[in-house]
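What follows is one structure encoded as structure tokens, with my remarks underneath.
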Amino acid sequence: MFSVNNKIELRTQRDALVVGLFSNRKILEGVLHNIDQAFEGELLNLIREGDISSNTKAISNTFSFGKIGAKRIYVLGLGDEKKLQPAILREGFGKLFKSLKADKIENITIAFDTFLKKDEDGFDVAHILAESLPLATYDIINYKKKSNQREREISEVEVLTDREQGLIEGGLTLGYVHGKGANTARTLTNMPGNMLTATDLAKFAVSIAEKCNMEYEVLEKEDMEKLGMGALLAVNKGSEEPPKMIVLKYQGTNKWENVLGLVGKGITFDTGGYSIKSKTGIVGMKTDMGGAAAVLGAMEIIGELKPSQNVVAVIPSTDNMISGDALKPDDVITAMSGKTIEVLNTDAEGRLALADAITYAKHHGADYLVDVATLTGGVVVALGEHITGAMTNNEAHYEEVLQAAHEEFEPVWLLPLFDRDRKRVRNSNMADLNNSPGRPGHAIVAGAFLAEFAEDTPWVHLDIAGTATTNSSYELGPQGATGVMARTLAVLAERMAEKE
Ligand code: BES
Ligand code: ZN
Ligand code: MN
């Protein structure tokens, strides 16, 4: 996809040449100056006349009249150099790539240095650029008779730069792999429940493991019975589809130590069970495996970038259905850890499935845990649709997750876990725990429930019920699944690797 070139050559035949334009620079420099010369000063006139805008995130384009090799020039406005934030640059790149895609442009040259501030080495910008291309141009895979899969798409990007070639190549690879991994998560999350069962999800996970040479294990119902995974099995009880406990192991160091455990909720469809959802609340519940999708997207990235960090991914998967045999409110079940649970609400199924997955991740040697789940409507009420809610039993571990999320522009906010709420999940006269202590703070008590299974292992819970999907298209993607947290989890593994 990307090639880096140190030689500034404007005569190469291309569909488009892409440049960035800061508003505060009084004279045109570098490639901009070269273009202006080829245009006999007319580029500057186009800018002065307002046909080309340097306003932040503005996209302008002009025909080149054969004065350079590229047929058209696309300009992304960057505003004032001092005010440009990386988050805004990302959105600008997203808009730019969307407009190139809409114009059916296939090969481009990017005058990379025109996007850099004076003292920048270019690594972060390369990362952002290469990440926003696959993210912004992603198309939902639909099942329409007339396919939306494009014959024409951006497939060749030449990056012209004076900066250190290896560094820029490194940033581009990193970003592109990140973007692709998030798109994998999107594709899985968007798939309907009849097309992505637990069996299908397991097959997909195995394909990632095989592609990246990872060990894997898929537990069947009988295996779960032997291991006493009564919580995951309880969720599956009403289903015709067999459950799967999916495990991928990425070994990044010689010894299996310092293991990061990534746990993703893989409910392929959530009806609510006997505590059934309303006819409007049930629509969209195919995305209840968004946590599993994020973990698999992250594992794909980790498998490609190969950080020296051990990672075990654990995904409990089933749908949550109703039948004569299904789990009922008031049932008491026993989780793998040995704790008993009084089920007060069969729609609080995610925490049941995750309970056994967290226990199983520890059995596989996880020393640090992060779980990702579309767990509660409560987190959407608390934080809205753009912020992932977090809970933790370990501040230092949370700081690392937060840092990774920050690097990948995925907003996360910590919710508290006070003793009073932790006690609420232990309030049952029938069992050790109950799975639904009531509406107040229900995002928090869901986290408190999981904390009972993380126990002493440093753990962060990420509730993506609000952020896993979006109702409208945005600069970096279409409406539907966002692939949120795939990149954050992968960066967490990268950063943990650097620390050791
Ligand atoms: N999958 C849902 C949470 C959800 C809600 C995700 C909206 C995405 C959008 C989860 O399994 C659930 O049903 N949670 C219940 C918990 C309640 C029964 C304590 C909820 O949030 O209403
Ligand atoms: Zn990234
Ligand atoms: Mn539910």
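Restricting to the range 388-406, and then to whatever is surrounded by fewer than 18 Cβ atoms within 10 Å (Cβ to Cβ) and either assigned to a loop (DSSP other than H, G, I, E, B) or in contact (Cβ under 8 Å) with a residue 12 or more places away in the chain (or both), can you tell me which residue is farthest from ligand 2 (Cβ to nearest atom)?
ASN394
Would it be correct to say that ILE276 is more than 10 Å from ligand 1 (Cβ to nearest atom), in contact (Cβ under 8 Å) with a residue 12 or more places away in the chain and in contact with a Cys (Cβ under 9 Å, 6 or more places away or on another chain)?
Here the answer is no, as ILE276 does not meet what is asked.
Restricting attention to the range 51-94, and to residues there that are polar (S, T, N, Q) and in contact with a Gly (Cβ under 6 Å, 6 or more places away or on another chain), which single residue is surrounded by the fewest Cβ atoms within 10 Å (Cβ to Cβ)?
ASN55
With respect to PRO316, determine if the residue is within 16 Å of ligand 3 (Cβ to nearest atom), crowded, with 19+ Cβ neighbours inside 10 Å and either among the polar types (S, T, N, Q) or closer than 17 Å to GLY238 by Cβ (or both).
Yes, satisfied.
In the set ALA209, ALA198, which member is within 16 Å of ligand 3 (Cβ to nearest atom) and either farther than 30 Å from SER99 by Cβ or basic (Lys, Arg) (or both)?
After ruling out the rest, the residue left standing is ALA198.
Matching residues to (1) surrounded by fewer than 21 Cβ atoms within 10 Å (Cβ to Cβ); (2) within 16 Å of ligand 1 (Cβ to nearest atom); (3) under 23 Å from ALA405 (Cβ atoms):
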| residue | (1), (2), (3) |
| --- | --- |
| LEU160 | no, no, no |
| GLU164 | yes, no, no |
| ALA182 | no, no, yes |
| LEU188 | no, yes, yes |
| MET195 | yes, no, no |
| THR199 | yes, no, no |
| SER207 | yes, no, no |
| LYS211 | yes, no, no |
| GLU215 | yes, no, no |
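Only one of (1) within 30 Å of GLU407 (Cβ to Cβ); (2) out of contact with any helix residue (DSSP H, G or I) (no Cβ under 7 Å at 6 or more places or on another chain) is not met by ARG72, so which one is it?
Unmet condition: (1).
Pick from ALA465, ALA446, ALA451: which is in contact with an Asp or Glu (Cβ under 8 Å, 6 or more places away or on another chain) and under 30 Å from VAL283 (Cα atoms)?
Of the residues listed, the single one that is in contact with an Asp or Glu (Cβ under 8 Å, 6 or more places away or on another chain) and under 30 Å from VAL283 (Cα atoms) is ALA446.
Kindly state which helices (runs of 4 or more DSSP H) lie completely within the range 101-220 and contain at least 3 residues that are within 15 Å of ligand 2 (Cβ to nearest atom).
Correct list: 123-136, 165-190.
Within the range 95-131, take every residue that is crowded, with 23+ Cβ neighbours inside 10 Å and among the aromatic types (Phe, Trp, Tyr) and give me the one that is nearest to ligand 3 (Cβ to nearest atom).
PHE97
Restricting attention to the range 279-310, and to residues there that are of a type in the set (S, T, N, Q) and more than 10 Å from ligand 1 (Cβ to nearest atom), which single residue is surrounded by the fewest Cβ atoms within 10 Å (Cβ to Cβ)?
THR280
Throughout, read-outs are computed from the coordinates displayed, never taken from laboratory work. Predicted model only: the values in this text are computed from it and were never measured. With ideal geometry, Cβ positions are generated from the backbone for all residues, glycine too; neighbour counts draw on all protein chains shown.
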